Amino acid sequence: MNQVPLIHILFVSTALFFIGMYGLFTRRNMIMMLMSVELILNSVNINFVAFNKYLYPEKLEGVFFTLFIIAIAAAEAAVAIAIIINLYRNLRSIDVETADEMKF
Amino acid sequence: MNLSLLVIVPLITTVLLLFVRGQSGVRRIALAGVSIQLVLAFALLGLYWQERGVGGTAAGNASAFLFEYRHAWFSALHIDYHVGVDGISVAMILLTAFVMVGAVLVSWTIKSMTKEFFVLLLLLSAGAYGFFISLDLFTLFFFLEVSVIPKFLLIGIWGSGRKEYAAMKLALMLMAGSAMVFIGLLGLYYNTGVAGGYVAGAAGGPHTFDWPAIAQMQVPVKAQLLFFPFLFIGFGIFTALFPFHTWVPDGHSSAPTAASMFLAGISMKLGGYGCLRVAVSLMPAAAREYSPFIVGLATIAIIYGAFATMMQKDLKYINAYSSVSHCGFILLGIGMLTRTAVNGAVMQMISHGLMTALFFAAIGMIYDRTHTRLVERLGGLLKIMPFISSIFVIAGLCSLGLPGLSGFAAEITVFMGSWQHPGGMYHLATILACASIVVTAVYILRATGQTIMGPVKDAEYNGLTDATWNERLAGILLVAGIIAIGVAPFWLNELINK
Amino acid sequence: MPNAAYLIIVLVPLLPLLGFVILGLFGRKVVKNYSGGLGTALVFFSTCIAMWVGYDYFATGAGPDGAYHAFKVLNIHWLSFGPGFSIDMDLLVDPISVMMAVVVSFISLMVHIFSLGYMKGEQRYGTYYAYLGLFTFSMLGLVLSANIFEMYIFWELVGCSSYLLIGFYYDRPSAVAAAKKAFVVTRFADLGFLIGILILSFQTKTLGFGELIQMLGPGGQSIADGLGVPGARGVFLGFPVVSWGLALIFVGGAGKSALFPLHVWLPDAMEGPTPVSALIHAATMVVAGVYLVARLYILYANAVDVSQLILYVGVFSAFLAALIACTQSDIKRILAYSTMSQIGYMMFALGTGSSGNTSGYTASMFHLFTHAFFKALLFLCAGVIIHRVHSNEMKDMGGLRKQLPLTHVCFLIACLAISGIPPFSGFFSKEEILSAAWPTNKFVYGLGLFTSGLTAFYMFRLYFSVFWRRAPGIATSHHGATQLNHGAIAPNHGATAAHHGSTPLSMRLPLVILAVCTVFTGFIPFSHYITFDGRPGETVGPGLNAIPPVATALLGIGMAAWLYKKENSRPQQAAEAFRGLYSFARHKFYIDEVYLFVTKKIIFNGIGRPAAWIDKHIVDGLMNGLAKGTAAVSASIKGFQSGKVQDYAWFFFIGIAGLTVLFIYIYT
């Protein structure tokens, strides 16, 4: 198998990271924000796996960490959905800009 | 004599007050507390004179401060609780005691939240006493701060007129002053790096807050020039240094009577005392450099304050602006830096304290009865309330410097001392300050003529009562103080000199 | 020891002070009806002691060289400004102080006795006598002072007593205003006095009169040169600093003595009760300025420029006052202006000293002495008249000589004295003054002479209008409806139902005593006792130079008789003839209006109002502006706390990115 250079993979993960950040900062729909957060998390996963494979091929810590992140992302998604549902019940909307009472 | 008693007694009274129920109990305990303070002050005076050897006994204790007591507080930062008195402090403590008794007596009829009122008033007095006996700069600052917040509460809750605005303005300006003072104090602290500067205690580090120690050191001149303005302006804000005096009119006028008495009588003197003790005594070279500015600002305060007073329509504003003008004399005396002028400044502190407390007491009594402070609505009160009118007139005559009352002795000493300072500009400043006696006469006589004399303005006034026992007692006490200094100023002069 | 023998003089001011304290504290309730008696008794003792000391001093107190020296009694350091430099409460016994003590206490006694009848039934009887006691104490302290600042202290106290007494009928706005005016005008003059004291004591470092005169007078010229502005060799704006000091002190004296242009308070001061006017504004307080200049006479004689000032101000005041008095119609105001005029005489007599002619001192003091008696007499007679007629206006009086025979005789005696007709006392004293003026300045002499003619004219105008003019018996007007400004009668007064009957003894006795004094005091050989250096001078009897004053006086009397003795229209015609001058003089030359203009428009509106405005809007505005600025800044950055999660996230990111960049830069 021809080695794909590491840097290509890093480009992908970085691009995913910033796309996720853009989505996090810009989307008004809370579900969309959640999806962006997942993107960020997944980009980090790619980073870990790539570094593991290319720099320390005989070790497996990176992959283990990735598994952790996947599990935690799932849990966090569940919690986030619960919060969104609660917010929806109070604010009747899932627009994140309506949840701005804790301000000056 | 243990000087800390002066601070402890008000604090104990405060604590006792917290446990008492019922208005009359509160009042009685407060009165007992301040009376004990008055007795302590007189005892201090007597003991002090005895120690100094006044009155024919063998040459007395000639050390700079008497009754010293020192206890380490934050020894890592070389901060001690260090107290002691000299003549000026004793005089100021006496003043505070007098005014406090007067203030408590005048507030006898406060109806709402009486307990809290007296608690705050007594806290103020504890702060003042502590300030006057402190010999450690940090302790001094501590007590200064103690006395700012109660003023805010007193004015904001029990005041009249634009009280919230006045309370806020007063508190913010005084806090700004304290902040500047603190910067100055830190400047002093970090520039006292001389071996052997710190006396008692552990490691003998180079920096110290101790007043006597710093007084003997030579603070480097550059540091002096830098930090003197901070200290002087900071304390000056307390004493209505132009142009930072604008908290005075609104603050004094919106405050309840007892708070006005304390504010004008004592709080403004905290600044003067601070200027003298801390700014000028510890940084003499800078004081000499800045002396023209101080004299200039003080003269402006005197003249400009007097003219502004003429145009006021509200009795309390008249008295407040007149306080600005009279406190200008204090700063003028300090700024002139001659011994006589400084003596005069201290005498003016005491005389003005008593006089303005009396004046505010009289105005408060009038306001309680007629519910107006506007000069144009009052008239002919001499017929209806002879006692109150008499103390009003006495306070007015003292303000305009009639001999036989304390104002004259103080002002004359300031004038003589100021004239002794050579230099045309200083002589001009003295002449302008003297000219203010005419303007003072005009506004005092206008106020007196319109409120006290003349025909009775409003038929409703005819039914008003004269002073009640507590008001009479307060008035008599303050008048006695004024006359004691006015007729025989030599005892005060000697006390200050010692 | 002479000093100890005169120690009793300490009681002279202290007894009235005791009266003040007792009556002030208890006069209202406890002592009430006895207040008059108590006050009078204390002043009586004071007078006796003063007279005894006077006799002792003048008869036996002359020193070995025959001159009268000054003695200091007491030595209390009241307020000290440095070693040897203090305000002392000392009493000085020297010729003029003893003379003044006698005069003041005596006139005060007369007024006390008179007031027993005049103020009877007054509600604030006790307070009145308390104030009289305070005044007597202050004035006696003033004349007995040995220290210039001590004199200043009593000076101010005298001003305060005057304020209290002029404003005695305090529910009348005009009285309150008059009291305030008196106090403020004299305070303004006192400012000059104070600055003068500061200047003079600056390098002499002493405040006692004796020391000041020694150091600044002829002997101590080098010290006088060294005073004051450094580099200017003791000269400021072209005049020696000593002259400035003396001139300022003279300003102080001029204010208290109602000389032009600080005279405006004196006519208004007539709002007080008439006995008060007799005491304060005729015989005693107003001569305080003259006394002050006399005290420092040696210094003034040395300062030529200041003496010129005194000379001209004095004679001009005398002339101006006489002119105004010719047109006034209120009896008390005429007497007030006549007081101002006579004080002008006393003052310019003191101003003649610079030409080396020192008889002016004796002449001035002599005139002060005689004037006290006849002026007090005039005022007390006026009091009786006003008491009878219930009005101050001349038009309500006339033909009273049958109704008030004693008053008539006394008034006539006093008028003759003030006009300078021999053998009454005024003749001797006025003639001495004019003789002192003749060698100094002929113009001043001429003006003084003309003024004495005017004096005779207006005094007899008053005399004839009050006691002749109408046929006796025609009902004098009981329309008490005078204008509000002329009150000598309190609203509560008049409880004496006997006002249509004869005047009480307490009011007649002082008149008689004063009349006797007026007749005989002229014969005292004054210059034997009182000269500027204490050495007895020779008394020159009146010679040929007495003729011009007497002649002009007779001329004045004649004109007054021609115009006023019978009711006719000649005064009207005369007034028409001089229309412009007449109306100008009647309105007191509009000086009051000028003052009002200056104070109201210039000082109040030009300085006071802007000061208050600046304070409220600019200085305070700055503070408020600071607060508003802080609030604005706070408002503008509060947007950071938007409550929106995404904004917060954005801020986190920026922060982390920034820190990362920073650390990368630091570690590479």
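Entry note, chain B: the mean residue ellipticity at 222 nm calculated from DSSP H runs of n ≥ 4, each adding -39500 (n - 2.57), is -23000 deg cm²/dmol after division by the residues and rounding to the nearest 500.
Classify segment C:128-207 as rounded, prolate or oblate, taking a ≥ b ≥ c as the square roots of the eigenvalues of its Cα gyration tensor: rounded when a/c is under 1.5, otherwise prolate if a/b is larger than b/c and oblate if not. If you can, show how the numbers build up before the last one.
Values: a/c = 5.80, a/b = 1.77, b/c = 3.28.
It comes out oblate by the Cα gyration axes.
For segment C:357-433 versus segment B:242-295, the spacing of their alpha-carbon centroids is 57 Å. 3J(HN,Hα) along segment B:69-76: 8, 9, 9, 5, 10, 10, 5, 5 Hz, from the Karplus curve 6.51 cos²θ - 1.76 cosθ + 1.60 with θ = phi - 60°, whole Hz, x for Gly and Pro.
Find the relative contact order for chain C and round it to a whole percent, using C-alpha pairs within less than 8 Å whose residues are 6+ positions apart. Walk me through the numbers on the way to the answer.
On the way: 1076 pairs, mean separation 85.1, N = 668.
RCO, chain C: 13 percent.
The lysines whose alpha-carbon is closer than 23 Å to the alpha-carbon of C:LYS442, local same-chain residues fewer than 8 away aside, are C:LYS430. For segment B:283-498, averaging the sequence separation of C-alpha pairs within contact (under 8 Å, six or more residues apart) and dividing by the residue count gives a relative contact order of 28 percent. Placing unit charges on the Cβ atoms of the charged side chains and taking the dipole of the protein assembly as shown about its Cα centre, the candidate lying farthest along the positive direction among C:GLY141, C:LEU165, A:THR66 is C:LEU165.
Legend: P(r) of segment B:283-498 from all alpha carbon pair distances, 10 Å bins from 0, whole percents, reading 9, 34, 31, 17, 7, 1, 0.
Return the aspartates and glutamates within reach of C:LYS616: Cα separation strictly under 15 angstrom, same-chain partners fewer than 8 residues apart disregarded; answer none if there are no such residues. Once the sequence-local aspartates and glutamates are set aside, what remains near C:LYS616 is B:ASP250, B:ASP314.
Taking a ≥ b ≥ c as the square roots of the eigenvalues of the Cα gyration tensor of segment B:34-144, is the shape rounded (a/c under 1.5), prolate (a/b larger than b/c) or oblate? Numbers along the way, then the final one.
Working: a/c = 3.57, a/b = 1.32, b/c = 2.71.
Cα axes put segment B:34-144 in the oblate bin.
Cβ-Cβ distance of C:GLN214 and C:SER174, R₀ of 60 Å, FRET efficiency by 1/(1 + (r/R0)^6): the value works out to about 0.80. The packing ranking, built from the mean of other Cβ atoms within 10 Å per residue, places the peptides C:590-603, C:104-117, C:418-431 in the order C:104-117, C:418-431, C:590-603, highest first. The aspartates and glutamates within cross-link reach of C:LYS628, meaning a Cα-to-Cα straight distance under 13 Å and a gap of 8 or more places when in the same chain, are C:ASP620. Pairs of C-alpha atoms in chain C farther apart than 47 Å represent 23 percent of all such pairs.
Treating only the Cβ atoms of Lys and Arg (+1) and Asp and Glu (-1) as charged, compute the dipole magnitude of segment B:283-498 about its Cα centre; round to the nearest 20 debye. Present the calculation step by step, with values, prior to reporting the outcome.
On the way: 12 positive and 10 negative charges, 16 e Å.
Magnitude of the dipole: close to 80 debye.
Cross-link check: pairs B:LYS163/B:LYS457; B:LYS269/C:LYS181; C:LYS72/C:LYS181 evaluated at a Cα-Cα cut-off of 32 Å; pairs beyond the cut-off: B:LYS269/C:LYS181; C:LYS72/C:LYS181.
Residues whose amide H comes within less than 5 Å of that of C:TRP78, counting only those at least five positions distant or on another chain, are C:ILE87, C:ASP88, C:MET89 (H built at 1.01 Å from N in the peptide plane). Counting neighbouring Cβ atoms within 10 Å and putting the fewest first, the residues B:ASP250, C:ASP56, C:ASP330 line up as C:ASP56, C:ASP330, B:ASP250. Is segment C:241-337 best put as rounded, prolate or oblate by its Cα gyration tensor, with a ≥ b ≥ c the root eigenvalues, rounded for a/c under 1.5, and otherwise prolate when a/b is larger than b/c, oblate when not? The shape class here is prolate.
For chain B, what is the convex hull (Cα atoms) projected area averaged across all directions, in square nanometres? Show your work: numbers first, answer last.
Numbers: hull surface 88.2 nm².
Answer in nm², one decimal: 22.1.
Pair-distance distribution P(r) for chain A, from all Cα-Cα distances in 5 Å bins starting at 0: 2, 12, 17, 18, 16, 12, 9, 6, 4, 3, 1, 0 percent. Residue-wise HN-Hα couplings along segment B:263-278, as the Karplus relation 6.51 cos²θ - 1.76 cosθ + 1.60 with θ = phi - 60° gives them from phi, are 4, 6, x, 10, 4, 5, 7, 4, x, x, 4, x, 4, 5, 5, 8 Hz; Gly and Pro carry x. Evaluating 6.51 cos²θ - 1.76 cosθ + 1.60 at θ = phi - 60° for every residue in segment C:637-645, the Karplus couplings come out as 9, 6, x, 4, 8, 7, x, 9, 4 Hz, glycine and proline recorded as x.
Determine the calculated [θ] at 222 nm for chain A from helices alone, applying -39500 (n - 2.57) to every DSSP H run no shorter than 4 residues and normalising by the residue count; nearest 500 deg cm²/dmol.
Per the formula, -26500 deg cm²/dmol.
Neighbours of B:SER254, meaning other residues whose beta-carbon lies under 9 angstrom from its beta-carbon, give a summed charge of +1 when Lys and Arg score +1 and Asp and Glu score -1.
A helix-only calculation puts chain C at -21000 deg cm²/dmol for mean residue ellipticity at 222 nm, using -39500 (n - 2.57) for each DSSP H run of at least four residues, averaged over all residues. Distant-in-sequence amide contacts of C:SER145, defined by a placed amide H-H separation under 5 Å and a gap of 5 or more residues or a different chain, comprise C:LEU92. Its Cα centre serving as origin, chain C has a Cβ charge dipole (Lys and Arg +1, Asp and Glu -1) of approximately 2000 debye.
Could you give the distance between the Cα centres of segment A:62-104 and segment C:138-152, to the whole Å? Taking the Cα centre of each part, segment A:62-104 and segment C:138-152 sit 94 Å apart. Applying a DSSP loop filter and a limit of 11 other Cβ atoms within 10 Å to the GluC sites (Glu not before Pro) in segment A:1-91 leaves A:GLU58. Kirkwood radius, the protein assembly as shown, all distinct C-alpha pairs, inverse of mean reciprocal distance: 34.9 Å.
Residues whose amide H lies under 5 Å from that of B:THR208, counting only those 5 or more places away or on a different chain, are B:THR192; hydrogens are built 1.01 Å from N in the peptide plane. Partner shielding of B:395-408 amounts to 3, given as the average count of beta-carbon atoms from other chains within 10 Å of each residue beta-carbon.
Each reported figure results from applying straightforward, stated rules to the coordinates on display, with no laboratory input. Because the structure is a prediction, the values reported are computed rather than measured. Reconstructed Cβ throughout: ideal geometry from the backbone, glycine too, with neighbour counts over all protein chains shown.
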